[in-house]
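Asks: What follows is a single structure, and I will ask about it in a moment.
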Amino acid sequence: MKHFSYDEWLNYIKNDITENIREEFENHLYTCDQCLELYLQAIAEYESTLPSLTNESTFTDLVMTEVSKQYSKVGTLVPKEKTKRPFYQQAGFHYFLAAAATLLLMFSGVFQSLATYASAVEAPTIQEKKPSVTEGVIDKTFAWMDSLDKKEANKK
């Protein structure tokens, strides 16, 4: 297993590596405790180089103001440019299509035939069991042998 150096983890944190290598680093973190320790040390060092916030509540308020500009009153993203979607991508079209298909299937009798089929499947089927040819031959053979035994018994 190839381990990564402390400097490589710093480059990973600073995002100075390609996407393929980044994925390799992330997969490696799942299996290697030694590299995870180096990664956590690199994060601690890089965190100390970041600027400190003087007033955290003001920063939070500014962030939340920007977020609220991006969201509408109901909590969905408001696109900067509203573009009209084609009619076939709108919900009303899909509801109309579903209703039309339902009516078509109802008037064509598909649902009726499905109901008939379902009731036929659910109904208990009582069938008289017919003996197989082999069972018939065996029964006749035993009957013939019993009749021979009776004839022998009557002769005595």
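Computed from the coordinates by the stated procedures, all read-outs in this text should not be read as laboratory data. Fair warning: this is a prediction, and the values are worked out from it, not measured in the lab. Counting neighbours? That spans all protein chains shown, and the Cβs are built from the backbone with ideal geometry, glycine included.
Asks: Within region 99-146, count every residue that is of a type in the set (D, E, K, R) and assigned to a helix (DSSP H, G or I).
Replies: Residues that pass the stated criteria total 5.
Asks: Of all helices (runs of 4 or more DSSP H) completely enclosed by region 18-72, which ones contain at least 2 residues that are of a type outside the set (Phe, Trp, Tyr), under 36 Å from the mean Cα position of the chain (by Cα) and farther than 23 Å from Glu8 by Cα?
Replies: 56-70
Asks: One residue is enough: does region 118-137 have a residue meeting the conditions of a type in the set (Gly, Ala, Ser), surrounded by 10 or more Cβ atoms within 10 Å (Cβ to Cβ) and within 33 Å of the chain's Cα centre (by Cα)?
Replies: Checked region 118-137: at least one residue is of a type in the set (Gly, Ala, Ser), surrounded by 10 or more Cβ atoms within 10 Å (Cβ to Cβ) and within 33 Å of the chain's Cα centre (by Cα).
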